[in-house]
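Asker: Here it is: the structure, laid out below.
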Amino acid sequence: MPGVGICADGSAQYPTEAKMKRAAGWQRVVDKSYAGGLEATIELTKPFAHLDIKPGAIIVTDGFAAIPDSVAYDSDACRQADDNLIGCNIKSLKLFRILGRTSELQISPETAARMPMVADFTSRATYQPMTINAIKLEETPGTYEAAWATPYFVSVH
């Protein structure tokens, strides 16, 4: 079962933006429209992925990202968790694996000269892949995430 529950908290944002208010130029104004939001925290009962790291190792590993429709909630299993929080079980979870690359740690020669400890640290980093406990999905060409990530899926059932 991937999700014991989710705690959710609603919030509102009133964005400030620059708009042309008169011919003389731009002016910062507060847009009065409501932009609702939901903050969610997912607690998993089993690891989605894991890796073992030896003491003293300097590693780069994969990351995971979610998009807005990554979580399917079980709306029949929601409860009030606190004044502004609800807890819900989830039906499924889809996360996108972003491969780690040691090349992302490269620093300029100038920076290396100024910070030799950082240069030494980053030069000793090695890539260590994760063991993923989820189903790898087929990538969908042409989608936003297809260019940078691989989808993985886990279901309660």
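Asker: Please count how many residues of region 27-50 are at pLDDT 75 or above and surrounded by fewer than 10 Cβ atoms within 10 Å (Cβ to Cβ).
Answerer: 0
Asker: For the condition over 30 Å from Ala72 (Cβ atoms) and under 20 Å from the mean Cα position of the chain (by Cα), what is the one hit in Thr140, Thr102, Thr111, Thr126? Walk me through how you get there before you give the answer.
Answerer: Values: Thr140 fails: over 30 Å from Ala72 (Cβ atoms); Thr111 fails: under 20 Å from the mean Cα position of the chain (by Cα); Thr126 fails: under 20 Å from the mean Cα position of the chain (by Cα).
Just a single option satisfies the conditions, and that option is Thr102.
Asker: Right, next: Going by the conditions given, is Thr131 surrounded by fewer than 13 Cβ atoms within 10 Å (Cβ to Cβ), without any contact (Cβ under 8 Å) to a residue 12 or more places away in the chain and β-branched (Val, Ile, Thr)?
Answerer: Numbers: surrounded by fewer than 13 Cβ atoms within 10 Å (Cβ to Cβ): yes; without any contact (Cβ under 8 Å) to a residue 12 or more places away in the chain: no; β-branched (Val, Ile, Thr): yes.
So Thr131 does not fit the description; no.
Asker: Kindly establish whether Ile58 is at pLDDT below 85 and within 30 Å of Gln128 (Cβ to Cβ).
Answerer: Working: at pLDDT below 85: no; within 30 Å of Gln128 (Cβ to Cβ): yes.
Criteria not met by Ile58.
Asker: Among the residues of region 57-98, which ones are more than 21 Å from Glu39 (Cα to Cα), touching a Ser or Thr at 6+ places or on another chain (Cβ under 8 Å) and surrounded by 14 or more Cβ atoms within 10 Å (Cβ to Cβ)?
Answerer: In the first step, residues of region 57-98 are kept if they are more than 21 Å from Glu39 (Cα to Cα); the result is 57-62, 97-98.
Subset that is touching a Ser or Thr at 6+ places or on another chain (Cβ under 8 Å): 57-60, 97.
Passing the criteria: Ile58, Ile59, Val60, Arg97.
The values are calculated or read from the model by the stated rules, or taken from the named source; none is laboratory data. Given the structure is predicted, the values throughout are model-derived calculations rather than measurements. Methodologically, a virtual Cβ is constructed for each residue, glycine included, from the backbone with ideal geometry; neighbour enumeration extends over all protein chains shown.
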